[in-house]
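Some notes on the structure that comes next.
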Amino acid sequence: MAVMVGYDQGVACLGGDFLANAFAGAALLVGITLPVFYVASWMVVAVRRRSAGAPRQ
């Protein structure tokens, strides 16, 4: 992220609100993927608990 900001401000001289957009994009990705990760993790734990409690054949 620091390299991108440095390039944007120093080399490309674009300025603008690139930094704000970069953080907003990262926050959006975290906001979308974190609930999916929590649900997937919960499902894996539930399946493991269910199979651990099952009688062995």
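Around TRP42, with a cut-off of 15 angstrom between Cβ atoms, what is the net charge of the other residues, counting Lys and Arg +1 and Asp and Glu -1? Counting the neighbours of TRP42, the net charge comes to +3. Applying 0.36 nm per residue to the separation of ALA27 and ALA40 and subtracting their alpha-carbon distance, the gain on full extension is 2.7 nm.
Read the figures in this text as sums done on the coordinates, not as results from a lab. Predicted model only: the values in this text are computed from it and were never measured. In this analysis, Cβ positions are derived from the backbone assuming ideal geometry, glycine residues included, and neighbour counts consider all displayed protein chains.
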